[in-house]
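J.: Please read through the structure below; I'll follow up with questions.
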2 protein chains.
Amino acid sequence: MKDGANLKKLGEFGLIERFARQISTGKGVVLGIGDDAAAFQPSPGRINLITTDMLIEGIHFDLSLCDPLSLGRKALSVNLSDIAAMGGEPRHFLLSLAIPPAMTLDFLDNCFTGMLQRAEQFGVTLIGGDTCASPATLVLSLTVLGEQFPDRIVPRSGARPGDRIFVTGTIGDSALGLRLLQQGERQGSAIVRHLDPLPRVLEGRALAEANIPSAMIDLSDGLLADLGHILDLSAAGARIHSEALPLSADFRGHFPAITEQTLSLALAGGEDYELLFTVPPEKISHVLPLMEKLGTPVSAIGTITEERKLAVIGPDGTEISLDRKGFDHFS
Amino acid sequence: MKDGANLKKLGEFGLIERFARQISTGKGVVLGIGDDAAAFQPSPGRINLITTDMLIEGIHFDLSLCDPLSLGRKALSVNLSDIAAMGGEPRHFLLSLAIPPAMTLDFLDNCFTGMLQRAEQFGVTLIGGDTCASPATLVLSLTVLGEQFPDRIVPRSGARPGDRIFVTGTIGDSALGLRLLQQGERQGSAIVRHLDPLPRVLEGRALAEANIPSAMIDLSDGLLADLGHILDLSAAGARIHSEALPLSADFRGHFPAITEQTLSLALAGGEDYELLFTVPPEKISHVLPLMEKLGTPVSAIGTITEERKLAVIGPDGTEISLDRKGFDHFS
């Protein structure tokens, strides 16, 4: 209650000032927080990238299961991940906060600190936003701006039959982490993957700069759903090999037998924030050396096909029937 | 319930597709809705402007008092108004929607139609956003991008002692409109001003292009609070003459006697979305002819002073004591 009172005393403009004091001016910022709009200088020869993601208490996060530092970091990470999927360089961001009556200043301070930690890590600067009251639940709406050279943008629509499909890191850990949190566990690598995912910004930029991927997407809705977006926009299909899917030691430790149910968790669980990208045959040999330089594991998991169908092939060479559908907010 | 079922059947991606089908590609759009991030080309020699505003059911609007068409238009207008206050040209926008279970597809369709009407009116294109479920209340979070020449940006910080203070249109109507709505009225110009304000985009651009204002802001928190932002950032004070305040015939009809209470409504009621700007002495004569060309009324209401104090002067030349504070979400 003490903190709630502090927040009330501080007021909307006081909170904005408190946040603004912690911000240093970033590259290209002409006008930051405090004017009607922020102003920034685009770099010569680049085009602008922009993405936005909203995180809502009770839908995207549960305050009893997450700490404010991680929440702040994650809110920025999921947006940075979208810029990564374009191969872009993130530069600036906006933060809109809707704050419920029960929120404490201490929680907000920690959440903001986490966000600024992640911002510093990836060289992005807060340049504006909005702060208001919320009737019941905390809402964080972030917008991240980035840049890319026009001939280096990696769209979802560029996959062609014969392209190999790659994915960075491991999948399914975040979904496992959420399940463990709901079961009362509070520690472990899967839980960290769920609460505090790291966006693959360096990997996305390196791949785009080397002109390797024909299409790229970040895994937020689940591998099958996100690969599905690439297939829809590229008018193609894919064959994925279940044995090639990158599952962490932690994931395999929890599920010694990989059943259709555990495969579904890995393929449709969502929130992996890894990059999935397709690579034309002549460039396949460039992928591993590049990722090795960054110390990032990468796996070839399948191939783009002419036939517009997404098939998951089991160890015996037959197709496994899985629910392709990823997370849909209204279903 | 029928419509709720339709929305469920349509799903998140179906709703995005339904919206995306209605969008035509705008100027400079490299990649619009449907990829990880939107991409757009900045115009040569310009800098980017960006602003974001969140509208939350139960805080910023009441679904029993507003129609969906107006709500959609207003959500975009309040953001366009911030670009107008920089003298900028709005170009693109992002829409994030958090949709509660009780929301109907019909309401969303109408809200989106209203937003696109306003977008067309001011030549802005929807290029991206986010759609998710909300536990209880509708949330609209919009981000508008614009452009401006670097030497034509009008900040809040440029007001100097001796500058004349101008305001477009009339003030207080929106606050009156809200009061009338709460009293059960449903029609009239004040109510339209509250539910469906028009941003002064043309006026802001014309003033900036003619290099007239030293500082500018749009009136969202109330004239005293918003002028206060200019004074804080310009390290100056102001004298406002109560008799010079532009009050509409409708406002004067409701309040034949202008008391301190009605002045407070006009000066602190908020949501006017007019432009307040300061003008150096040598440029004062340029203001009226320029605004006349646009058919926009404008009033000189006072002067910037050295003494860091905001004084409202009554008809008898003495200072009126008024509460300067505008709308604060947490007080």
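The values are calculated or read from the model by the stated rules, or taken from the named source; none is laboratory data. Because the structure is predicted, anything quoted here is derived from the model rather than measured. Ideal geometry is used to build each Cβ from the backbone, glycine not excepted, and the neighbour counts take in all protein chains shown. Just the protein is used for accessible areas: all its heavy atoms, side chains included, with ligands, DNA and RNA removed. Shrake-Rupley method; radii C 1.70, N 1.55, O 1.52, S 1.80 Å.
J.: Given the protein chains as shown and a 1.4 Å probe, how many square angstrom of B:Phe251 are accessible, to the nearest 10?
T.: For B:Phe251, the solvent-accessible surface is approximately 0 Å².
J.: OK, next. Less than 10 Å Cβ to Cβ from B:Pro90, Lys/Arg counted +1 and Asp/Glu -1: what total charge do the surrounding residues give?
T.: Within the 10 Å Cβ shell, the charges total -1.
J.: For A:Glu319, what accessible surface area do you get with a 1.4 Å probe? Give it in Å², rounded to 10.
T.: 90 Å²
J.: Which net charge results when you count Lys and Arg as +1 and Asp and Glu as -1 among the other residues whose beta-carbon is under 11 Å from that of B:Asp163?
T.: +2
J.: Moving to a separate point now. Can you give the charge dipole size of the range B:1-151 about its Cα centre, rounded to the nearest 20 debye, using +1 on the beta carbon of Lys and Arg and -1 on the beta carbon of Asp and Glu?
T.: 280 debye
J.: Among B:Asp218, B:Asp196, B:Asp35, which one shows the highest mean-square fluctuation when chain B is modelled as a Gaussian network with alpha-carbon springs under 10 Å?
T.: B:Asp35
J.: Do any residues of the range B:40-60 lose at least 40 Å² of accessible area when the full set of protein chains is present rather than just their chain alone, and if so which, with a 1.4 Å probe?
T.: Those residues are B:Phe40, B:Pro42, B:Ile47, B:Asn48, B:Ile50, B:Thr52, B:Met54, B:Ile56, B:Ile59.
J.: Heavy atoms only, 1.4 Å probe, whole protein assembly: order A:Thr51, A:Thr25 by accessible area, highest first.
T.: Descending accessible area places them as A:Thr25, A:Thr51.
J.: For the cross-link pairs A:Lys283/B:Lys9; A:Lys9/A:Lys74; A:Lys8/B:Lys9, which exceed 32 Å when the distance is taken from alpha carbon to alpha carbon?
T.: Cα-Cα > 32 Å for A:Lys283/B:Lys9; A:Lys8/B:Lys9; rest within.
J.: Select from A:Thr137, A:Ser81, A:Gln22 the residue farthest towards the positive end of the dipole of the range A:2-151; place +1 on Cβ of Lys and Arg, -1 on Cβ of Asp and Glu, and compute about the Cα centre.
T.: A:Gln22
J.: Using +1 on the beta carbon of Lys and Arg, -1 on that of Asp and Glu, and nothing else charged, what's the dipole of the protein assembly as shown about the Cα centre, debye to 20?
T.: 600 debye
J.: If you don't mind, another one. At 7 Å along the Cα-to-beta-carbon direction for both B:Asp67 and B:Asp232, put a label point, then send me their distance in nm to one decimal.
T.: Distance between the two pseudo-spin positions: 3.8 nm.
J.: Can you give the accessible area per residue of chain B, in Å², using a 1.4 Å probe?
T.: Accessible area per residue, chain B: 39 Å².
J.: Moving to a separate point now. Roughly how much of B:Arg252 is accessible, in Å² to the nearest 10, using a 1.4 Å probe?
T.: Counting only protein heavy atoms, the figure is 110 Å².
J.: What span do the alpha-carbon atoms of chain A cover on each of the three principal axes, reported in whole Å from largest to smallest?
T.: Largest first, chain A extends 66, 51, 35 Å along its Cα principal axes.
J.: As a check on your grasp of the helix formula, calculate [θ] at 222 nm for the protein assembly as shown: sum -39500 (n - 2.57) over DSSP H runs of n ≥ 4, divide by the residue count, round to the nearest 500.
T.: After summing the helix terms and dividing by the residues of the protein assembly as shown, the value is -11000 deg cm²/dmol.
J.: Same structure, new question: Using a 1.4 Å probe over the heavy atoms of the protein chains, calculate the carbon and sulfur portion of the accessible area of chain A as a whole percent.
T.: 51 percent
J.: Let me spell out the model: positive unit charges on the Cβ of Lys and Arg, negative unit charges on the Cβ of Asp and Glu, origin at the Cα centre of the range B:135-271. What dipole size does that give, in debye rounded to 20?
T.: Using only the charged Cβ atoms, the result is roughly 120 debye.
J.: Ballpark to the nearest 100 Å², how much total accessible area do B and A bury together, probe 1.4 Å?
T.: The summed interface area works out to 5100 Å².
J.: Taking 7 Å along the Cα-to-C-beta vector as the label spot, tell me the A:His286-A:Phe149 distance in nanometres, rounded to one decimal.
T.: 1.1 nm
J.: Something else now. Over chain B, what is the relative contact order in percent, taking alpha-carbon pairs closer than 8 angstrom and at least six residues apart?
T.: 21 percent
J.: At 0.36 nm per residue, and after removing the present C-alpha to C-alpha distance, how many nm does the segment from B:Arg160 to B:Gln187 gain when stretched out fully?
T.: Full-extension gain reported as 5.6 nm.
J.: Still on this structure: When Lys and Arg each count +1 and Asp and Glu each count -1, what net charge do the other residues less than 14 Å away from B:Cys66, Cβ to Cβ, add up to?
T.: Overall, the nearby charge balance is -2.
J.: Using a Gaussian network model of chain A with C-alpha springs under 10 Å, which one of A:Gly237, A:Gly128, A:Gly11 is most mobile by mean-square fluctuation?
T.: Highest fluctuation among the options: A:Gly11.
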